[in-house]
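Every number in this text was worked out from the coordinates using simple rules, so none of it is lab data. Computed from a prediction, not measured in an experiment: that's the story for all the values here. Virtual Cβ from ideal backbone geometry, glycine too; neighbours counted across all protein chains shown.
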Amino acid sequence: MRLKLQRLHSAPPWKAFAARVLSVLLALAVTALMMAMAGIDPIDLAAQVLSATFGSSFGLEDLGLLFSPLLFTGLAVAVGLRIGAWNIGAEGQFNIGALCAAGIALFVPGPDWALLPAMIAAGALGGALWILVPTLARAYADVSELITTLLLNFVALLLVYYVATGPWLDPSGRALATTARLPVRLPEVWGIVHWGLPIALGLAVVLAVIFSVTRWGYEVRMAGSNAGSARYAGMPVRRHLIAVMLLSGALAGLGGVMEVAGTVGRLQGGISNNYGYLGIMVAVLARAAPLGVIASAFLMAVILNGGIVMQTQGLTTNTVLAMTGLILLFAAIGDELAHYRLRRLEGRN
Amino acid sequence: MTDIRQRLGLDAGAPPLVALHGIDKVFPGVIANKNVSLEVFPGEIHALLGENGAGKSTLMNVLTGIYQPEAGEIHVGGYARVFTAPQDAIAAGIGMVHQHFKLVKAFTVAENVHLGWADTPARIHRSVLEQRTADLSHKLGLAVDPGATVDDLSTGEQQRVEILRVLSRDAKVLILDEPTAVLTPAEAQELFVALRAFVARGNAVIFISHKLDEVLEIADRITILRQGRKVATEWAEACTERSLAQKMVGREIVLSDMRTRTEGVAGPGAPVLTLDGVTLKGRLTDVSLQLRAGEILGVAGVAGNGQRELCQVLTGLATPDKGRVLLDGDDIAPLGPRKVAALGVGHIPEDRLGSGLAPALSVTDNTVLREYRQPPVSRGPWYMPRAARALAEKIAAIAEVMVPDFAMPVRNLSGGNQQRLVARREMRIASRVLVAAYPSRGLDVGAINTMMRYFTELRDQGVAVVLVSEELEELLNLSDRIAVMFHGQIMGVVEGEQADIDEIGLMMGGQRGPQAEVAA
Ligand SMILES: Nc1ncnc2c1ncn2[C@@H]1O[C@H](COP(=O)(O)OP(=O)(O)OP(=O)(O)O)[C@@H](O)[C@H]1O
Ligand SMILES: [Mg+2]
């Protein structure tokens, strides 16, 4: 009798899920090992991270503030993947969303109840506009959105830096590199956690519903899986591609709105804080399922929050980045391994 | 079994090139193979026959290491071997060309041949790869153009590339899964010549096909599977098409006379669909045709002479540059495929995996593709997964397709079962016209018979059926009239009853025949 590995054609869902969980645990274990080698007690550190995150309402509130933008960017990337588009530009759309919302708050007079919806609309629109050119290039000229969306990130980032330190710089002179405080803020729901979080959670649920039980969701699924058969059935493939990619940009833009109007309160360079790139990881870990994004964004938030604690221990943020990288690496390996099963071979040979 | 060795001119003790012993393969809910044994000797072409879903492709996937059997052994040259991946099998000299090609369309022939091959030089250069490919092509007697992009090749040429890919890795056993389903008769003959030359060098071929005449022509021995079990292995000359069909299904198949109409059903009626001087950018030139209610119009011609474009124009997938497409007198050219389908035009497309189905999506999603917009699958903007599932179950039942799990990707169904599902899905919506392009591709004899009978039923109900096919016999059997295409033009239309094979053959080669009458 001996053991043999066997490759299955498609991985059963429970195995794929188990592989996800295992890959996260493995990544944590490897990080722990490396820390131990660097002379840091990983168990002690883990305990500190966990108690700092979950042990107090402050920790939980911080967690909430990280959770919300990751949900938005994670959903943005996941939605794009639904139709086979890689939106690498959530980072840029996030920045533009923040820029548009800040612009309305700073320069348009009006009561809060009217300004907030206007900011939200402007941010979503801004995010959508920022992905418009890559979208049209993909839809009409089959130009890969991977590069175009990525390149626009740098433009958006620099644009926000420029605006926040130049024309829109706080006129009072108190802040050196940001705009003035926004006169309008997103109300809080719990401690310092603002409405961004419940809105994002609600959106995840709504998107999950849209993709599974609407006709539009069915058509997007078909168009994303095989454009040929969607065209054959007369589905407007190009229109769906455009709509889905714009929606993806709008979601990332919304994330920016919530960040500037809720968490930060003013527009500053680097407000996106890599959320756009982390969103790619969130979406991939969630296998592009909106409800899965809730779980993976939460995990990512815990890791990021842990990173803040680690910094107080003299570890750099790079440790955190390395850890997220490890998780993705292990998830990819796990995905492949989920296709295998171990089997006993009876008999000789 | 010395008899076999004698006949093939082998030593009395010569081991088979490959042998399968007692292979079992189970998928959730399906027994694909049960206790199958098979021996293939040097110098023989061994055909594998069986109904759709009988387990032919699965058995070959086991032999090539894509699937692992639950029980049984594989012997190569007399020694037991375990293959965990296709690479193991090819290293042991067993190579397969699949039912659905696995070439990279954007790559050149040379690149495809060298892809994933240990012998590929580490520093690749275009001219080096092309030279190597040219040498191989010459050595193995398979003519290919090394620099051509695969996407630009005809199906027959693509298949030659696939075979070259396998043979270049020193395969001694070549497995071909329904190789001729997509070939023109001339291409098939070319393939047979190459196969005979290959086995003459002491190699072997395992050949899967549903075309019994062809199997009798090319095979030395024939093994028949039924519901995953082996029924028999016979010498080809001891078989007839009839005896093979009988063994495959386990009962006599009665081939019905298709052209006679049921009593009381009138012949072709009023015109339903009219093509009037349709021209499509260099693919169709001034095509005029008239389809009448309750008739089957056959379209003959060598593949690639505008049949695909004709189907696209008929179903709204392509808008002609010139001319009109009239359905019941209204121009449908600008409507697009969805509205045309909604008007009662069904379409069994030529390439089921490219356009008829989304292979990675579930059986349910694929089966409701034509009816998802209407109740009960849709209610307003909502898509009802349960109703969709129920409809899919219904269609699968009429199509006589056993589906163990409606949530599994449709590509897990056997090739013929995919085709059956598509065909039934389209027949359901075809209340005015059914455009069927090579509908019998990949179907077993029984299923072809059933499908043809169903076409005649549609005809008797007053539906106009367009049947595009390369099988002249099929066309002659069924069609009221046959239009012959050549270079995007209709060379002529002949009455089915008086049709003369030779006349049609000449028209397929570009001679003009009797012209189609076109109503204004
Ligand atoms: N990966 C898979 N997962 C689940 N079921 C499968 C899978 N592959 C094949 N099957 C099932 O196994 C059975 C045998 O399929 P197989 O493809 O071997 O048939 P076949 O003889 O090649 O038929 P055809 O002539 O239609 O190509 C079918 O019922 C099919 O649905
Ligand atoms: Mg098959």
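Values as computed for the structure displayed
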| read-out | value |
| --- | --- |
| Computed magnitude of the charge dipole of chain B (debye, nearest 20; Cβ of K, R +1, Cβ of D, E -1) | 1640 debye |
| Residue exposure sequence - B:Phe107, A:Phe154 - by fewest surrounding Cβ within 10 Å | A:Phe154, B:Phe107 |
| Fewest-first ranking of B:Thr319, B:Thr58, B:Thr456, using other Cβ atoms within 10 Å as the exposure measure | B:Thr319, B:Thr456, B:Thr58 |
| Charge tally in the Cβ shell below 12 Å around B:Val161, where Lys, Arg are +1 and Asp, Glu are -1, B:Val161 excluded | -2 |
| Qualifying aspartates and glutamates (Cα of each under 19 Å from Cα of B:Lys139; at least 8 residues distant if same chain) | B:Glu111, B:Asp119, B:Glu130, B:Glu157, B:Glu162, B:Asp170, B:Glu190 |
| Nearest-0.05 FRET efficiency for B:Ala360 and A:Leu176, computed from C-beta distance (R0 41 Å) | 0.20 |
| Total formal charge among the other residues, if their Cβ is under 14 angstrom from that of A:Ala331, Lys/Arg +1 and Asp/Glu -1 | +1 |
| Among A:Val24, A:Tyr140, B:Ile398 the positive-end extreme of the charge dipole of the protein assembly as shown (Cβ point charges) | A:Val24 |
| Segments B:132-139, B:484-491 sorted - mean Cβ within 10 Å per residue, highest first | B:484-491, B:132-139 |
| Packing-based exposure ordering (other Cβ within 10 Å, fewest first) of B:Lys56, B:Lys247 | B:Lys247, B:Lys56 |
| Gained length - B:Asp321 relative to B:Lys339, 0.36 nm times residue gap less alpha-carbon distance | 4.5 nm |
| Neighbouring partner chain Cβ atoms per residue of A:212-225, average, 10 Å criterion | 5 |
| Top positive-direction residue, dipole computed over segment B:49-142 with Cβ charges, set B:Leu63, B:Gln87, B:Phe107 | B:Phe107 |
| Length released on extending from A:Thr312 to A:Ala18, taking residue separation times 0.36 nm less the Cα-Cα span | 102.5 nm |
| Efficiency of FRET from Cβ geometry, A:Ser144 and A:Ala322, R₀ 25 Å, rounded to 0.05 | 0.35 |
| Residue among A:Thr149, A:Thr214, A:Thr178 with the largest mean-square fluctuation in a Gaussian network model of chain A, springs linking Cα atoms under 10 Å | A:Thr214 |
| Protection proxy ranking of B:332-339, B:353-360 - average other beta-carbon atoms within 10 Å, highest first | B:353-360, B:332-339 |
| Extension gain from B:Ala186 to B:Val26, taking 0.36 nm per residue of separation minus the Cα-Cα distance | 53.8 nm |
| For chain B: relative contact order, % (alpha-carbon pairs under 8 angstrom, 6 or more apart) | 15 percent |
| At most 11 other Cβ within 10 Å, DSSP loop - GluC sites (Glu not before Pro), segment B:434-503 | B:Glu497 |
| Label-point separation, A:Trp195 to B:Glu473 (7 Å along Cα→Cβ), nm | 7.4 nm |
| Distance between segment B:296-326 and segment B:57-94 - C-alpha centres, whole angstrom | 44 Å |
| Cβ-placed point charges (K, R +1; D, E -1), dipole of segment A:68-287 about Cα centre in debye, nearest 20 | 380 debye |
| Theoretical FRET efficiency, 1/(1+(r/R0)^6), r = Cβ-Cβ of B:Arg251 and B:Ser431, R0 35 Å, to 0.05 | 0.55 |
| Computed over chain A: relative contact order in percent, which uses C-alpha pairs under 8 Å that are six or more apart | 36 percent |
| Average partner coverage of A:229-242, which counts Cβ from other chains inside 10 Å | 5 |
| Highest-fluctuation residue, A:Ser229, A:Ser68, A:Ser248 considered, GNM on chain A with Cα pairs under 10 Å | A:Ser229 |
| Separation of the A:Val205 and A:Trp113 label points, Cα + 7 Å toward Cβ, nm | 2.5 nm |
| Mean Kyte hydropathy of -1.0 or more with a Cα span along the axis of at least 27 Å, helices from DSSP in chain A | A:13-37, A:57-82, A:145-165, A:237-258, A:290-312, A:317-337 |
| Among A:Met119, A:Leu151, A:Pro109 the positive-end extreme of the charge dipole of segment A:68-287 (Cβ point charges) | A:Leu151 |
| Magnitude of the charge dipole, segment B:357-429, Cβ model with Lys/Arg +1 and Asp/Glu -1, debye to 20 | 200 debye |
| Proximal lysines to B:Lys394, defined as alpha-carbon separation beneath 28 angstrom and excluding residues fewer than eight positions away on the same chain | B:Lys25, B:Lys56, B:Lys339 |
| Residue-averaged beta-carbon neighbours from other chains (10 angstrom radius) around B:69-77 | 1 |
| Relative contact order, percent, segment A:96-181 [alpha-carbon distance under 8 Å, six or more residues apart] | 21 percent |
| Cα gyration tensor shape for chain B, rounded if a/c is under 1.5, else prolate or oblate | prolate |
| Highest average packing first - A:280-292, A:134-146, Cβ atoms within 10 Å | A:280-292, A:134-146 |
